[in-house]
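The values are calculated or read from the model by the stated rules, or taken from the named source; none is laboratory data. Every value quoted in this text rests on a predicted model; they were computed, and no experiment measured them. Here the Cβ is made from the backbone with ideal geometry for all residues, glycine too, and neighbour counts use every protein chain on show.
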Amino acid sequence: MTRKKRQQLYYQKHKEKMCHYAREWAKNNKDKRHIARKKRYLKLKELGLLKTRPYIVGGKIYPTKKSYNSDIKKQVFSHYGIKCFCCGENNLSFLNIDHINDNGREHGTGKKNGKYKGVALYRFLIKNNYPTGIQTACFNCNMGRRINGGICPHKT
Ligand SMILES: [Zn+2]
Ligand SMILES: [Zn+2]
């Protein structure tokens with residue numbers, strides 16, 4: 001059973017009790033709540049982000065979740081190179097993480113489908129200090145290599 005599932009079950013079982021505690025806490029901590037909200041409001045106002053849906057992670061504020069995603073993508077590719085290993089494509093929107101030895105599954109032990117994808121993969125790579133065995137490939141060369149048994153059709 002996953003942790004999330006366990007939490008869900010626990011919540012279902014103790015729903016009333018937990019709601020009760022939450023209400024009590026809110027009643028007794030009106031000030032705390034108010035101050036926290038006010039602080040957040042002022043911070044967002046200062047940054048001009050009141051009308052967006054900011055995404056806050058690790059104490060850093062991004063204007064939107066999308067901007068966080070593209071930021072993290074840039075971070076990863078500036079490490080592995082903003083250039084396809086095969087054809088030299090350098091438009092970030094076409095670029096992809098390519099596992100040189102097709103060992104993507106090793107990088108996702110414990111994941112449901114055995115693999116990290118997209119932003120989850122970028123986060124994993126950053127967290128693990130940019131493991132080796134990875135290169136930048138555009139979608140074409142990435143797929144081509146997979147279909148062609150490990151070598152991009154450009155090269156055969
Ligand atoms: Zn390419
Ligand atoms: Zn290629």
Point to revise | Residues of segment 113-156 satisfying the condition of being among the hydroxyl-bearing types (S, T, Y) and either in a strand (DSSP E or B) or more than 16 Å from ligand 2 (Cβ to nearest atom) (or both) | key: Y116, Y122, Y130, T132, T136
Point to revise | Leading residue by the ranking (nearest to ligand 1 (Cβ to nearest atom)) among those in segment 76-92 that are farther than 20 Å from N128 by Cβ and surrounded by fewer than 14 Cβ atoms within 10 Å (Cβ to Cβ) | key: G88
Exercise for review: Restrict the check to segment 58-75 and report whether at least one residue is in contact with a helix residue (DSSP H, G or I) (Cβ under 6 Å, 6 or more places away or on another chain), modelled with pLDDT under 90, over 28 Å from A137 (Cα atoms) and surrounded by fewer than 12 Cβ atoms within 10 Å (Cβ to Cβ).
Suggested key: no
Review point. Which residue pairs have Cβ atoms closer than 7 Å, lie 6 or more positions apart in sequence or on different chains, and pair a first residue in segment 65-87 that is within 24 Å of R146 (Cβ to Cβ) with a second residue that is part of a loop (DSSP other than H, G, I, E, B)?
Key: H79/Y130; I82/N90; K83/N90; C86/C152
Exercise for review: Identify the single condition in (1) surrounded by 11 or more Cβ atoms within 10 Å (Cβ to Cβ); (2) within 23 Å of R145 (Cα to Cα) that Y55 does not satisfy, given that it satisfies every other one.
Suggested key: (2)
Practice item. With respect to I97, determine if the residue is outside any loop (DSSP other than H, G, I, E, B), under 26 Å from the mean Cα position of the chain (by Cα), aliphatic (A, V, I, L, M) and closer than 24 Å to N148 by Cβ. Key: yes
Exercise for review: Using the structure shown, decide if S78 is modelled with pLDDT of 85 or more, more than 15 Å from ligand 2 (Cβ to nearest atom), under 30 Å from T2 (Cα atoms) and not aromatic (F, W, Y).
Suggested key: no
